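Only one structure is covered here, and it is reproduced in the block below.
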């Protein structure tokens, strides 16, 4: 069963970096938890492969259920990228879609509204470089 983080409402913002082939790193800010690092094997889908994306959820809710619902989430999320795209399906309106599997096969999925994510500018990418490198150094594949 996929974990959609209360249909994405408990996902506030974040970034994902796929500039190193075969690796996706980033940080996601969740309701009740704050920032969580993400370190995945794999790549983004072709529409954004090799890029950095930034997202901010226009439907974010920091409700009281988030703390209990996210209590078992690790402070660093490892796994395998399955589908990360800004245009995941040709028959649907483009929208941010982030899906991965943990090492023990827990399925995670975040879908955000159209327009809530974009490819980072060169300046934004440069500002995130130190953070991305720090997460890559946590390599635990």
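The values are calculated or read from the model by the stated rules, or taken from the named source; none is laboratory data. This structure is a prediction, so every number in the text was calculated from the model and none was measured. Note that we place each Cβ from the backbone using ideal geometry, even for glycine, and neighbour counts take in every protein chain shown.
So the values come out like this:
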| item | result |
| --- | --- |
| Set 8, 26: member being over 17 Å from residue 71 (Cβ atoms), assigned to a loop (DSSP other than H, G, I, E, B) and in contact with a strand residue (DSSP E or B) (Cβ under 6 Å, 6 or more places away or on another chain) | 8 |
| Segments classed as strands (runs of 3 or more DSSP E), wholly inside segment 84-141, with at least 1 members that are in contact with a helix residue (DSSP H, G or I) (Cβ under 6 Å, 6 or more places away or on another chain) | none |
| Residue list for segment 86-109, restricted to those being crowded, with 17+ Cβ neighbours inside 10 Å and more than 23 Å from residue 139 (Cα to Cα) | 86, 88, 95, 96, 97 |
| Some residue of segment 98-112 being without any contact (Cβ under 8 Å) to a residue 24 or more places away in the chain, more than 13 Å from the chain's Cα centre (by Cα) and over 13 Å from residue 16 (Cα atoms) | yes |
| Residue in segment 14-23 that is under 15 Å from residue 135 (Cβ atoms), out of contact with any strand residue (DSSP E or B) (no Cβ under 7 Å at 6 or more places or on another chain) and either exposed (fewer than 15 other Cβ atoms within 10 Å of the Cβ) or at pLDDT 95 or above (or both) present | yes |
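Conditions tested, residue by residue: (1) without any contact (Cβ under 8 Å) to a residue 24 or more places away in the chain; (2) surrounded by fewer than 17 Cβ atoms within 10 Å (Cβ to Cβ); (3) in a loop (DSSP other than H, G, I, E, B).
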{"position": "12", "(1), (2), (3)": "no, no, no"}
{"position": "40", "(1), (2), (3)": "no, no, no"}
{"position": "49", "(1), (2), (3)": "no, yes, yes"}
{"position": "67", "(1), (2), (3)": "no, yes, no"}
{"position": "74", "(1), (2), (3)": "no, yes, yes"}
{"position": "79", "(1), (2), (3)": "no, no, no"}
